[in-house]
Amino acid sequence: ATNCRPGLPTSPEAAVAGGTRQQFQRGAIYFKAGMGAHVLSGSVLEFYLKKGGPKGRLGFPTRDVETLKNGATRATFEHGKITCTASGACRAN
């Protein structure tokens, strides 16, 4: 379903804060029952991990990372969003 976007797996699936995570060459897939699987990558993934990942205040992703018209990237989570500029500066709200 992800069209090989994250590349090949680089780790086995592992339990994290109420769901699972599997690392890939170009990102990670997070899965939580009732929310499905979502791909995080790039600056969004790095910022998410700095903010505590699924244990942090944002919780699990609810949508994959998307690229906006201006080149910024964004993903939504149980309790907010992360938006990163094309240059990689990120903020959570």
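Within the stretch 70-79, is even one residue without any contact (Cβ under 8 Å) to a residue 40 or more places away in the chain and acidic (D, E)? No, the stretch 70-79 contains no residue that is without any contact (Cβ under 8 Å) to a residue 40 or more places away in the chain and acidic (D, E). Taking the stretch 1-87 and the strands (runs of 3 or more DSSP E) fully enclosed by it, the elements with 1 or more residues that are surrounded by 15 or more Cβ atoms within 10 Å (Cβ to Cβ) and either in contact with a His (Cβ under 6 Å, 6 or more places away or on another chain) or not aliphatic (A, V, I, L, M) (or both) are at 19-24, 27-32, 36-40, 73-77, 80-84. In the set A75, A33, A28, only one residue is more than 11 Å from the chain's Cα centre (by Cα) and either modelled with pLDDT under 95 or hydrophobic (A, V, I, L, M, F, W, C) (or both); that residue is A33.
Of the residues making up the stretch 21-45, just one is touching a residue at least 40 places away in the same chain (Cβ under 8 Å) and closer than 20 Å to L8 by Cβ, namely G42.
The values are calculated or read from the model by the stated rules, or taken from the named source; none is laboratory data. Predicted model, so just to flag it, every value in this text is computed and none were measured. Backbone-built Cβ (ideal geometry, glycine too); neighbour counts: all protein chains shown.
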